1. When you look at LEU29, is it at pLDDT below 70, among the aliphatic types (A, V, I, L, M), over 30 Å from SER149 (Cβ atoms) and surrounded by 15 or more Cβ atoms within 10 Å (Cβ to Cβ), yes or no?
2. Just wondering, is there one or more residues in region 249-261 that are modelled with pLDDT under 90, loosely packed, with under 12 Cβ neighbours inside 10 Å and within 23 Å of the chain's Cα centre (by Cα)?
3. Tell me, which residue of region 105-131 that is in contact (Cβ under 8 Å) with a residue 60 or more places away in the chain and of a type in the set (A, V, I, L, M, F, W, C) is nearest to THR55 (Cα to Cα)?
4. Which count do you get for residues in region 205-248 that are among the hydrophobic types (A, V, I, L, M, F, W, C), surrounded by fewer than 12 Cβ atoms within 10 Å (Cβ to Cβ) and closer than 30 Å to PRO50 by Cα?
5. Please give the number of the condition GLN172 fails out of (1) part of a loop (DSSP other than H, G, I, E, B); (2) in contact with a helix residue (DSSP H, G or I) (Cβ under 9 Å, 6 or more places away or on another chain); (3) surrounded by fewer than 13 Cβ atoms within 10 Å (Cβ to Cβ); (4) not aromatic (Phe, Trp, Tyr).
6. Filter region 126-137 down to residues that are of a type outside the set (Ser, Thr, Tyr) and either at pLDDT 95 or above or out of contact with any strand residue (DSSP E or B) (no Cβ under 6 Å at 6 or more places or on another chain) (or both) and give me whichever is farthest from SER62 (Cα to Cα).
7. Pairs, please: C-beta under 8 Å, at least 6 apart or cross-chain, first residue over 22 Å from ASP109 (Cβ atoms) and in region 142-156, second surrounded by fewer than 24 Cβ atoms within 10 Å (Cβ to Cβ) and of a type in the set (A, V, I, L, M)?
8. Anything in region 195-233 that is basic (Lys, Arg) and modelled with pLDDT of 95 or more? List them, or say none.
Amino acid sequence: MLTHQVSVWSQVDRQGRYLCSESTMYRLLRADGSQGDRRKQRPAQSHAMPRRVATRPNEVWSWDITKLPLQKRGVYLSAYVVIDLFSRFILAWMVSRKENSALAQQLMDEALSRYQVTPDQLTIHQDRGSPMIAHSYLDLLGERGVTGSHSRPRVSNDNPFSESQFKTTKYQPDYPGRFESISHARQWLESYVDWYNFEHHHSSLAGFTPEQVFTGRYQELAVIRQQALDVRYQINSERFVRGRPVVNMPPASVAINPISPKEAELGVSLAVNFPTLPRAKHTARETTLILE
């Protein structure tokens with residue numbers, strides 16, 4: 001009966017009768033639990049923020065799928081791209097007419113074999129698209145001893161490195177915008193990957209290419225760069241007001257959702273919140289039991 005008291009209050013108020021104030025009526029409703037939406041609603045969900053740190057190649061991979069439009073309106077291809085987090089090196093890619101877990105499973109299985117990934121060596125980070133959360137795909141990761149990491153639902157910036165790579169792809173001067181066919185898309189992407197890995201001097205890698213960081217060759221090249229700077233410093237040292245120049249090096253670690261200094265002061269845990277899917281947890285637990 002309390003659910004109708006506000007309308008009753010309005011009716012009796014028009015009749016010149018006063019039972020209580022409107023605020024009192026709402027207070028009675030709240031006390032009775034009758035105030036607010038009474039429909040069945042899903043309780044609020046809490047998802048751990050994915051955090052991962054790579055300090056060397058083949059420690060963390062990131063991958064995603066982007067759409068490549070064809071000239072025919074409304075028709076798209078799917079480009080699968082896997083990158084190494086530490087070096088940004090594109091490890092594997094494919095272009096397909098469809099997006100499904102079987103192709104994701106094939107791509108990842110071949111990539112793991114090609115780079116000779118051993119159990120408990122690698123974490124693969126991805127969003128929650130249907131190919132990334134399919135049971136067959138997660139079972140493959142479990143069988144290969146790979147930890148699966150997933151973005152939070154409806155959070156667009158939990159997989160920033162793959163998104164950034166896709167932006168680099170589509171901002172290329174020769175990016176067609178719309179492809180003539182799947183063979184055209186594969187041909188263009190093959191040329192792009194070759195340029196990106198071996199010729200693109202990445203600003204986040206101190207000007208080194210992904211291949212140089214992935215293979216470790218950047219350390220030899222840094223010595224050559226330093227020698228050139230030393231010569232320039234000896235010739236005209238007064239131009240270097242901050243002293244002898246030192247070659248910039250790629251970061252020693254690369255992180256997804258790194259903990260800020262403020263969070264560290266507040267005692268935020270450095271622990272990695274993986275795996276993030278119930279199925280991934282189940283698969284990882286089964287794999288551990290088999291290995292033991």
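The values are calculated or read from the model by the stated rules, or taken from the named source; none is laboratory data. Computed from a predicted model, the values in this text were never measured in an experiment. Note that we place each Cβ from the backbone using ideal geometry, even for glycine, and neighbour counts take in every protein chain shown.
1. For LEU29, the condition - at pLDDT below 70, among the aliphatic types (A, V, I, L, M), over 30 Å from SER149 (Cβ atoms) and surrounded by 15 or more Cβ atoms within 10 Å (Cβ to Cβ) - is not met.
2. Yes; the residues of region 249-261 include at least one that is modelled with pLDDT under 90, loosely packed, with under 12 Cβ neighbours inside 10 Å and within 23 Å of the chain's Cα centre (by Cα).
3. Only one residue tops the list, namely LEU122.
4. 0
5. Among (1) part of a loop (DSSP other than H, G, I, E, B); (2) in contact with a helix residue (DSSP H, G or I) (Cβ under 9 Å, 6 or more places away or on another chain); (3) surrounded by fewer than 13 Cβ atoms within 10 Å (Cβ to Cβ); (4) not aromatic (Phe, Trp, Tyr), the lone unmet condition for GLN172 is (3).
6. The selected residue is HIS135.
7. ARG152/ALA48; ARG152/MET49
8. Passing the criteria: only ARG217.
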